Amino acid sequence: METKEKESLFSAKNRKLIFNPLNLDNPITVQVLGICSALAVTAKLKPAFVMALSVTVVTAFSNLVISAMRNGIPPRIRIIVQLTVVAALVIVVDQLLKAYVYDVSRQLSVFVGLIITNCILMGRLEAFAMSNKPWQSFLDGIGNGLGYSWILIAMGIVREFFGSGTLWGYPVMPQFMYDLGYKNNGLIILPPMALILVGTIIWIQRSKSRELIDKS
Amino acid sequence: MSDSYIFRYAAIMVILVAAVLSAVAMFLKPAQDKNVAVARMRAILASANVEATAENAIELFDKYILEEEVISPEGDVVAIYKNGKLEKGDVRAFDINLKEELYNKGKGKEYILPLYLANVDGKKYYIFPLQGRGLWGQIYGNLAVEEDLNTVGGSMFGHDKETPGLGAEIELPPFESQFIGKKIFDDKGNFTSIKVLKGASKILTGDQLVHGVDAISGGTITSNGVSAMIQSNLENYLNYIKKQKQL
């Protein structure tokens with residue numbers, strides 16, 4: 001019989017699960033998943049943060065639940081089972097937002113509901129949670145959620161600062177800049193500019209990590 | 001795995017998920033209801049040009065909204081809610097679901113209408129709640145009319161799912177601020193409502209100019225919805241307005 005080796009909770013392998021998606025395996029910039037919401041909710045920092053948090057929570061817990069259930073799930077209906085778990089978690093998150101951060105939930109509008117169809121989730125469930133243990137899957141979910149999160153938050157900061165001159169709703173652009181004739185950049189609030197911003201992040205990342213560049 | 005296992009698995013999972021979701025929904029309902037009520041208070045205050053936050057909405061609502069009246073289609077005041085208690089009748093205007101009342105009206109049944117009387121720093125407003133249809137879903141709003149029951153003092157519109165950047169612009173100040181100073185009756189006292197028209201500032205001339213505002217380009221159906229909403233909702237109050245003017 002195989003001797004069970006007890007792996008520490010944050011072994012090198014487990015840490016990789018969290019940190020890889022932040023850079024070399026980032027869901028947005030490398031796997032190019034979840035772009036739609038990344039463009040839509042990042043005009044201001046606060047909704048971007050709440051969205052990022054929601055996605056991280058849903059990814060982590062759906063990974064955990066599906067991984068715990070993975071040996072019992074009938075293969076023929078596994079996608080339906082995954083979808084049900086994800087949908088249930090998203091509804092819980094949506095209800096919580098409506099109860100505790102009503103304004104933000106109004107701003108996020110349909111995008112919370114659309115977490116259900118976020119490709120990152122189904123991708124991680126199929127690729128990871130269905131074949132790994134719960135704890136590892138949970139970490140993988142957190143890692144991918146954070147990978148999604150930091151891009152959203154970075155974009156939220158840039159777009160709110162240059163687009164509205166505020167951060168988290170507080171004015172940060174000093175008044176003398178306006179007196180000197182500075183104007184908020186209206187273009188950066190619009191979705192096309194968000195796409196260009198994602199492109200810029202991808203460009204910077206690839207110029208730093210050459211292994212990501214396609215050979216062709 | 002056998003088919004019966006799949007069926008059992010699916011059935012049990014669905015029941016479990018349903019139970020969990022119902023429990024969550026029930027547990028969070030009070031907090032959500034409060035948020036919705038606060039949002040409505042802010043919308044009512046916004047039409048009277050009072051900027052309220054989620055924190056001070058209840059306080060400001062108590063301060064500025066002097067009286068909530070319930071109006072019958074004949075124009076009589078059937079209930080009054082004042083200083084935190086019902087002085088007449090048995091319904092509070094704030095608790096009326098306008099959508100349901102308008103539905104009853106459409107069915108030819110009895111219905112009642114809510115109305116708010118505000119006093120903002122000495123300026124008196126009659127605030128008429130509005131309910132209508134846009135392109136994708138419902139639109140709503142509040143129209144604050146000054147003491148003469150003719151001149152609009154402010155407006156506030158909202159929507160559920162109008163197109164962002166087009167129809168959704170109705171809830172933004174550039175559109176809403178157009179209504180200030182417009183009139184709902186002409187010089188002879190005939191009800192004209194306020195029309196939302198393409199290029200209203202160009203095609204309307206002379207004394208018609210005070211009865212129209214510019215529509216949103218690209219948001220024609222939503223704009224028409226706002227126009228129809230104001231017309232149809234205010235019509236319900238015409239008897240009341242007539243009686244008030246005779247007083």
Once you charge only the Cβ atoms, +1 for Lys and Arg and -1 for Asp and Glu, what is the size of the charge dipole of region A:92-203 about its Cα centre, to the nearest 20 debye?
60
Report the residues of region A:186-216 in range of a label on A:Cys119: point 7 Å along Cα→C-beta, backbone N strictly under 12 Å from it.
none
Unit charges on C-beta of K, R, D, E only; dipole of chain A, Debye:
240
Using a Förster distance of 56 Å, how high is the FRET efficiency between A:Ala68 and B:Gln208, based on the Cβ-Cβ distance and rounded to 0.05?
0.20
For the B:Ala10, A:Ile213 Cβ pair and Förster radius 41 Å, calculated FRET efficiency rounded to 0.05 is 0.35
By accessible area of protein heavy atoms, probe 1.4 Å, what ranking do A:Tyr170, B:Tyr81 get, highest first?
A:Tyr170, B:Tyr81
Normalised convex hull volume, the protein assembly as shown, alpha-carbon set, Å³ per residue:
233
Residue (of A:Ser109, A:Trp203, B:Gly137) at the positive-pole extreme of the protein assembly as shown, dipole from beta-carbon charges
A:Trp203
If R0 is 45 Å, what FRET efficiency do you get for B:Leu86 and B:Val17 from their C-beta distance, rounded to 0.05?
0.55
Mind checking the alpha-carbon convex hull of region B:1-144 and giving the volume per residue in Å³?
196
Given region A:1-76 reduced to its alpha-carbon atoms as identical point scatterers, what log10 I(q)/I(0) does the Debye formula return at q = 0.15 Å⁻¹?
-0.78
Could you order B:Glu59, B:Glu67 by accessible surface area, starting with the largest, using a probe radius of 1.4 Å?
B:Glu59, B:Glu67
Can you give me the orientation-averaged projected area of the convex hull built on the Cα atoms of chain A, in nm²?
15.9
Expressed in Å to one decimal, the Kirkwood Rh of chain B from all distinct alpha-carbon pairs is 19.9
Ranking B:Glu69, B:Glu171 from most to least accessible area with a 1.4 Å probe gives B:Glu171, B:Glu69
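Which value at 222 nm does chain A reach when only helices count, each DSSP H run of 4 or more adding -39,500 (n - 2.57), with the total divided by all residues and rounded to the nearest 500 deg cm²/dmol?
Helices in chain A give a 222 nm mean residue ellipticity of -20000 deg cm²/dmol.
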Just want the answer: with Cβ charges of +1 for Lys and Arg and -1 for Asp and Glu, which residue in A:Val86, B:Val152, A:Tyr178 is farthest toward the dipole's positive end in the protein assembly as shown?
A:Val86
Packing-based ranking, highest mean first, of A:59-68, B:156-165 given that Cβ atoms within 10 Å are counted
A:59-68, B:156-165
Taking every pair of alpha-carbon atoms in region B:178-240, what share in percent sits in each 10 Å bin, from 0 to the bin with the longest distance?
23, 53, 22, 2
With just the Cα atoms defining each centre, how far is region A:120-149 from region B:103-162? Give it in Å.
49
Taking the Cα centre of region B:43-246 as origin, work out the dipole magnitude from +1 charges on Lys and Arg Cβ and -1 charges on Asp and Glu Cβ, in debye rounded to 20.
580
In units of 2.2 N^0.38 Å, what is the alpha-carbon radius of gyration of region B:49-127?
1.19
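The values are calculated or read from the model by the stated rules, or taken from the named source; none is laboratory data. Just so it is clear, the model here is predicted, and its values are computed rather than measured. Positions of Cβ are generated from backbone atoms using ideal geometry, with glycine treated the same way; all protein chains shown enter the neighbour counts. Calculation scope for accessible area: heavy atoms of the full protein, side chains included, ligands and nucleic acids excluded. Shrake-Rupley method; radii C 1.70, N 1.55, O 1.52, S 1.80 Å.
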